[in-house]
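Scroll down for the structure; my scribbles are underneath it.
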Amino acid sequence: MQDHSRDCVALIKHIDTKMTKQANERFETYGVTFRQVRLLMLLLQKKAEDIPLKSLEKHFEVSQSTAAGLVVRLEKKGLVQGYVPADDKRQKFVRLTEKGEKLCNSIEEDMREGERVLLQSLDAEEKTQFYSLLRKVNDSM
């Protein structure tokens with residue numbers, strides 16, 4: 001019989017599920033979901049450039065319809081602006097609005113608090129090791 005407490009994939013999935021649930025509860029007061037916040041923060045990080053919808057699909061590893069739906073919901077809230085350039089009708093680009101940027105700035109502290117909660121049981125050395133191991137696993141994928 002397999003010892004499920006040592007099943008790495010199941011543990012990672014369990015942590016992801018809990019983190020997503022807690023984040024959605026925290027961000028509910030802002031009227032956004034964790035997935036929407038991740039997209040907004042990516043746009044904030046790349047503020048100097050507009051991002052093609054295709055790049056969002058790849059970055060978040062989602063289908064075109066999922067990425068488009070996410071953008072449409074954020075457009076309705078006035079947090080992002082999607083547009084098709086006049087010189088290339090084949091692509092849709094997305095940029096953060098001023099309202100979206102203000103929301104990101106408000107949310108950043110909640111995100112830091114979520115990370116503090118996640119890592120509260122680790123000391124400084126363990127946190128360094130944890131980040132290092134996460135990067136190593138991520139890079140190998």
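The values are calculated or read from the model by the stated rules, or taken from the named source; none is laboratory data. All values reported here derive from a predicted model rather than from experimental measurement. Ligands, DNA and RNA are excluded from the accessible area calculation, which covers all protein heavy atoms including side chains. Shrake-Rupley method; radii C 1.70, N 1.55, O 1.52, S 1.80 Å.
Which of the aspartates and glutamates could a cross-linker span from K21 if the Cα-Cα distance has to be under 15 Å and same-chain partners fewer than 8 positions apart are dropped?
Within the straight-line limit of under 15 Å, K21 reaches these aspartates and glutamates: D110, E113, E115.
For the chain, which whole-number percentage of the solvent-accessible area (1.4 Å probe, protein heavy atoms only) is attributable to carbon and sulfur atoms?
Summing carbon and sulfur atoms, their accessible area is 53 percent of the total for the chain.
Measure of size requested: the Rg and Dmax of segment 13-80, with Cα atoms as the atom set and Å as the unit; please supply both.
Just the Cα atoms of segment 13-80 yield Rg and Dmax of 12.4, 36 Å.
How much space per residue, in cubic angstrom, does the convex hull of the C-alpha atoms of segment 44-118 take up?
Taking only Cα atoms, segment 44-118 has a hull volume of 110 Å³ per residue.
Give the span of the chain's Cα atoms along each principal axis, as three whole-Å numbers ordered largest to smallest.
Cα spread of the chain along its principal axes, largest to smallest: 58, 31, 26 Å.
Note down the relative contact order for the chain as a percent, whole number, built from C-alpha pairs under 8 angstrom at least six residues apart. The partial results should precede the final answer.
Working: 100 pairs, mean separation 26.8, N = 141.
After rounding, I find 19 percent.
Over segment 4-106, with the other protein chains present, what is the accessible area per residue in square angstrom, probe 1.4 angstrom?
About 66 Å² of surface per residue is accessible.
Past 32 Å, Cα to Cα, is the threshold; run K58/K102; K18/K89; K99/K136 against it and keep the listed order.
Those over the limit are K18/K89; K99/K136.
Amide H to amide H under 5 Å from V80: which residues, 5+ apart in sequence or cross-chain, H placed 1.01 Å off N in plane?
Here E75, T97 satisfy the definition.
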